[in-house]
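Chemist: After the structure tokens below, expect a handful of questions from me.
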Amino acid sequence: MAKQYTFVDLHKVFERQHFIVPDNEYKKQLANHPLVKNLWTIGQSFVIVSNLSTWRMESVSGECEEVSGYSAAEILAQDAEFLMQFGLPEDTRFNLLVTQLGMEYFESRSAEERELIFFVYFYRARKKDGRIITVQHQCFPLCFDKNNLPFVFSNIYTDVTYLGITQVPQALKINRYTHEVFHVEPQNLKFNKAETEFSVREREIIKLLLKGNSSRLIAEQLYLSQETVRTHRKNILRKAGLNSTAELLSYALTRGIV
């Protein structure tokens, strides 16, 4: 039987951190932060804002029951234990290892970079009724202490079961400051830089496709002809070795293209 991970295991990941937090100043930062509420996602989702200096959840919002089966109140009552129990134990172990690697990476980067680094996990989770789903878990730093270490995070959980992602768990480290994406999987527990095969224009089109835009709408937004957009779409699928836009969605998400 796989080990059941608890709050204690999560605490061990961060036990080296000693956060220096000004009293309640971070509350002002959270008040209107866009990542406290839901952003555009590719499925039903909910948001947990967690605080590592207090080891408590600040808030829970969104489609909690639709995704997890638990209400926001039930999640708040479980607090940090929910974070440990939602994922399957064998996937949670991987997530903890990636989180530890991620904090080490944060410490190695300059202060100006840290606000633009975030992590995306893909793993299996168990709903309240026992059903297994695949989730995309995006983890963004929201507030930083006096040593510029992140201590409040927005965790966005999205049900991506319908995409049929077969390789789970896996994770991405995304650095928007350096425009780098790194991938990690259980077979090789280190971040490997992902090289993109798409041009800037192709990436723009991929992002618009994933938001449900047709070739006509993409052409209007990018001031291109529909024929040019269709040509780009064919080239994108050819480069990725895919046959459909549906396959492209899963491919783009797990490679940090969007």
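Chemist: At pLDDT below 95 and assigned to a strand (DSSP E or B): is that true of Phe118 in this structure?
Modeler: yes
Chemist: Looking at Leu76, Leu97, Leu88, Leu52, which is the one that is within 16 Å of the chain's Cα centre (by Cα) and not aromatic (Phe, Trp, Tyr)?
Modeler: So the residue among Leu76, Leu97, Leu88, Leu52 that is within 16 Å of the chain's Cα centre (by Cα) and not aromatic (Phe, Trp, Tyr) is Leu97.
Chemist: If you don't mind, another one. In the stretch 51-78, what residues are in a helix (DSSP H, G or I) and aliphatic (A, V, I, L, M)?
Modeler: Correct list: Val67, Ala72, Ala73, Ile75, Leu76, Ala77.
Chemist: Among the residues in the stretch 135-150, are any farther than 15 Å from Tyr251 by Cα, in a strand (DSSP E or B) and of a type in the set (Phe, Trp, Tyr)?
Modeler: The answer is yes; a qualifying residue exists.
Chemist: Something else now. Checking Lys190 against (1) surrounded by 12 or more Cβ atoms within 10 Å (Cβ to Cβ); (2) in contact (Cβ under 8 Å) with a residue 12 or more places away in the chain: exactly one of these is not met. Which one?
Modeler: Single failed check for Lys190: (1).
Chemist: Given the condition part of a helix (DSSP H, G or I), assigned by TED's automatic domain parsing to the domain that holds Thr54 and either over 18 Å from Gly256 (Cα atoms) or modelled with pLDDT of 90 or more (or both), answer yes or no: does some residue in the stretch 156-168 qualify?
Modeler: Yes: one or more hits.
Chemist: Something else about it: Inside the stretch 79-92, can you point out the residues that are crowded, with 17+ Cβ neighbours inside 10 Å and assigned to a helix (DSSP H, G or I)?
Modeler: Within the stretch 79-92, Ala80, Phe82, Leu83, Met84, Gln85, Asp91, Thr92 meet the criteria.
Chemist: Further, regarding this structure: Of everything in the stretch 128-169, what is more than 11 Å from the chain's Cα centre (by Cα), among the polar types (S, T, N, Q) and within 18 Å of Leu97 (Cα to Cα)? Give them in sequence order.
Modeler: Hit for the stretch 128-169 is Gln167, nothing else.
Chemist: With the requirement that a residue be small (Gly, Ala, Ser) and within 14 Å of Glu202 (Cβ to Cβ), what does the stretch 234-258 give you?
Modeler: Selection gives Ala240, Ala252.
The values are calculated or read from the model by the stated rules, or taken from the named source; none is laboratory data. Note that the coordinates shown come from a computational prediction; the quantities given were computed from them, not determined experimentally. Because the Cβ atoms are built from the backbone with ideal geometry, glycine has one as well, and the counts that use them run over all protein chains shown.
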